[in-house]
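So the structure is just underneath, and the comments pick up after that.
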Amino acid sequence: MFRFFENMVDPYCEYDQTDRPPTRLAPFLMAYAQPFRRVFWLAAAGSVLVALIEVGLIWVMGWLVDVLAGEPAEVWAQHGWKFIALGLFVLFLRPAIQFVDVALLNNTILPNFGTLIRWRSHRQVLRQSVGWFENDFAGRIANRIMQTPPAAGEVVFQVFDAITFSLAYMLGAVVLMSQADIRLALPMLVWLVLFGLLVRWTTRNVTPASKAASDARSQVTGRVVDAYTNIHSVKMFAHHESEALYAREAIEHARRTFQHEMRVFTKMDVMLVSLNGVLIAGVVGWALYLWMQGAASVGVVAVATALTLRINSMTGWIMWALTSFFRELGVVAEGMETIAQPIDLLDAKGAKPLEVTEGRIQFDGISHHYGKGRGGLDRVTLELRPNEKIGLIGRSGAGKSTLVKLLLRFYDIEGGRVLIDGQDIAGVTQESLRRQIGMVQQDSSLLHRSVRDNILYGRPEATEAEMIEAAKRAEAHDFILELQDPEGRKGYDAQVGERGVKLSGGQRQRIALARVILKDAPILLLDEATSALDSEVEAAIQDTLYGMMEGKTVIAIAHRLSTIARMDRILVLDGGRIVEEGPHDVLLAQGGLYAQFWSRQSGGFLQTENDDAAPEAKTRGEAAE
């Protein structure tokens with residue numbers, strides 16, 4: 001029975017992804033609600049039916065009071081079958097209707113609606129560009145992805161559990177009072193108008209207060225996660241207290257916004273109690289007056305009393321449900337600031353997969369300044385012949401990483417174009433482009449999964465033997481066999497921790513190398529690929545690296561110039577332009593920047609402490625330079 005309700009909607013059903021999600025709240029929620037339309041209608045009907053049954057039972061109570069005024073035997077003779085039918089209804093039919101109503105809410109809507117939003121939101125955010133992620137905090141993005149689905153689920157729940165129910169109940173109460181005596185409906189209608197004004201005041205004040213409180217909580221999460229993610233730096237620089245105070249600032253702001261929100265609720269409670277007093281005195285007092293005038297029966301007084309006391313007890317719940325509804329709407333609105341952002345880095349209409357036949361790369365007059373008009377690259381033209389290996393050096397901020405990011409199309413180029421085998425990368429699919437490029441970075445973060453999962457990330461369909469062979473070529477197999485995580489998993493099954501924190505820098509780098517070896521892409525990018533390795537391991541792996549380069553077009557960024565001295569060509573970037581290029585010996589003979597860098601090396605590293613050409617810090621997108 002439960003499985004029937006739980007499977008009424010598939011939260012992972014197919015849907016059309018959009019590059020421009022709705023930016024207004026109602027269309028945003030309606031877009032996610034499409035698979036639930038039939039269920040929502042059923043839930044609304046169930047909620048209305050339950051409310052009418054509740055009102056009907058109060059009417060029955062008044063009828064019983066009037067009927068029981070006669071002789072018992074006569075009453076039973078006339079109404080006995082009604083008593084039996086009523087008992088059967090209360091014992092069997094009413095619980096069945098209630099079960100269907102509750103099951104639709106608790107077992108169909110709540111689990112599946114939140115899951116659908118979380119799945120689609122995560123999928124949408126993953127489509128955003130690298131630059132988009134670099135301009136926000138991972139903790140804040142994750143927090144919004146996690147808190148928006150339950151908030152949206154609560155909104156839907158309150159619509160059917162409270163709002164639809166209470167509207168049907170109030171309407172039924174007015175009709176019931178009118179049937180008993182039309183004059184009893186007057187104080188009820190006056191109270192409904194006043195109650196509506198209170199609801200309007202509450203929602204107008206709760207919505208902005210709730211959104212402010214939600215924003216403040218997200219800020220707390222962002223700061224806390226930032227500290228945890230960079231715990232090594234926090235400990236290394238002994239900034240425990242300063243980090244605590246930094247978080248406290250956000251925590252205090254969250255407390256103050258929450259205090260403001262709670263003040264609204266306190267005012268609401270006091271006004272509601274006063275308003276309910278008017279309801280009880282007005283309806284019950286008027287019913288008593290009518291009874292004393294002989295215009296109403298005892299049953300009518302009983303119905304009026306029971307109904308007003310029931311409404312009195314319900315209004316607190318209704319008000320809290322409404323405030324919860326609008327508070328959660330505020331949370332959803334905050335989540336929309338992340339989830340509903342448009343996807344700006346898109347595949348061109350009719351984009352086709354990239355086909356790499358030779359591996360020729362052309363940078364045709366490319367300029368990219370991250371929207372600032374300076375820094376980055378300035379009118380760079382460069383051609384890499386098939387299977388050519390070039391080294392890329394330059395001061396910090398010269399544009400090395402920008403060149404690589406544009407080749408990967410992490411950003412749309414502001415000027416010029418990049419061609420691979422004659423195909424403009426702006427006109428091919430991003431996934432096909434990146435499948436043809438293998439990259440080892442200076443800081444190779446690993447996924448918080450097993451060693452096997454991390455290596456197979458390069459080529460998931462690879463066999464176990466191919467994966468192990470890649471690990472051996474990266475000089476990683478031996479240490480992997482010795483790994484064991486706290487849960488007792490060993491070797492390739494051992495978990496590496498968040499960003500690979502359970503491994504040394506050299507171990508992480510070798511697993512990253514194994515991943516790229518397994519990928520075996522025709523274009524290879526190396527960004528300080530051996531910087532985390534000790535000299536002994538680096539010497540052992542150099543042959544592997546040059547073996548990886550065979551048959552591939554290679555761009556290698558390095559500060560340790562000895563690692564690129566054997567390249568076909570070396571390019572020197574300065575101020576966003578190529579100022580020197582040629583083989584190692586030719587550049588040394590020219591006595592230019594490369595020769596200066598080489599002569600200044602200490603331990604093979606490029607010295608940049610006295611650089612005066614590096615531009616000042618740019619956007620987070622250029623921070624990797």
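Quick note: the coordinates plus some simple rules give every number you see, no bench work behind them. Since we're looking at a predicted model, the values are computed, not measured. Virtual Cβ from ideal backbone geometry, glycine too; neighbours counted across all protein chains shown.
With 32 Å as the limit, the listed pairs Lys352/Lys490; Lys405/Lys490; Lys405/Lys502; Lys349/Lys372 have Lys352/Lys490; Lys405/Lys490 beyond it between alpha carbons. The GluC sites (Glu not before Pro) of segment 1-109 meeting both criteria, a DSSP state outside H, G, I, E and B (loop) and at most 11 other C-beta atoms within 10 angstrom of the site's C-beta, are Glu14. Over segment 419-548, the ratio between the Cα radius of gyration and 2.2 N^0.38 Å evaluates to 1.08. Across the chain, the mean sequence separation of Cα contacts (distance under 8 Å, 6 or more residues apart), normalised by length, yields a relative contact order of 15 percent.
Taking a quarter of the surface of the Cα convex hull of segment 133-268 gives a mean projected area of 10.8 nm². Applying D = kT/(6 pi eta Rh) to segment 465-511, where Rh is the Kirkwood radius over alpha-carbon pairs, T corresponds to 37 °C and eta to 0.692 mPa s, the Stokes-Einstein value obtained is 303 µm²/s. What fraction, in whole percent, of alpha-carbon pairs in segment 38-170 exceed 18 Å separation? Here the long-distance tail beyond 18 Å is 68 percent of all Cα pairs in segment 38-170. Over every Cα atom in the chain, the radius of gyration and the widest Cα-Cα span, Dmax, amount to 34.9, 123 Å. Cross-link partners of Lys400 among aspartates and glutamates, defined as those whose alpha carbon lies under 15 angstrom from its own and excluding same-chain residues fewer than eight positions apart: Asp378, Asp527, Glu528, Asp574, Glu580, Glu581, Glu622, Glu625. Checking every one of the trypsin sites (Lys or Arg not before Pro) in segment 313-405 against DSSP loop status and a limit of 12 other Cβ atoms within 10 Å picks out Lys349, Lys372, Arg374. Among bridges DSSP assigns within the chain, what percent are antiparallel (round to 5)? For the chain, the DSSP antiparallel bridge percentage is about 50. Listed by chain and number, the aspartates and glutamates placed with their C-alpha closer than 20 angstrom to that of Lys267 are Glu328; residues fewer than eight positions away on the same chain are left out. Spin-label model, Leu346/Val586: points 7 Å from Cα along the beta carbon direction are separated by 4.4 nm.
Extension gain for Arg417 to Thr429 (0.36 nm times residue separation, less C-alpha to C-alpha distance): 2.8 nm. With the convex hull of the Cα atoms taken as the outline of segment 340-446, the averaged projected area works out to 8.3 nm². The label point for Arg600 and the one for Thr463, both projected 7 Å from the Cα toward the Cβ, are 5.2 nm apart. Here each label is just a point 7 Å from Cα along the line to Cβ, and for Phe83 and Lys235 those points are 7.7 nm apart. Mind pulling the angle between the C-alpha long axis of helix 94-103 and the longest principal axis of the chain? Nearest 10 degrees, somewhere in 0 to 90. With rounding to tens, the tilt is 20 degrees. Computed extension gain for Glu383 through Leu52, at 0.36 nm per residue and net of the alpha carbon distance, reaches 111.5 nm. Could you tell me how many degrees, from 0 to 90 and to the nearest 10, lie between the Cα long axis of helix 185-229 and the main elongation axis, the longest principal axis, of the Cα atoms of the chain? Tilt of helix 185-229: around 20 degrees.
Using 0.36 nm per residue, how much length does the chain from Leu186 to Thr266 gain when fully extended, once their Cα-Cα distance is taken away?
Working it through step by step, the gained length comes to 25.9 nm.
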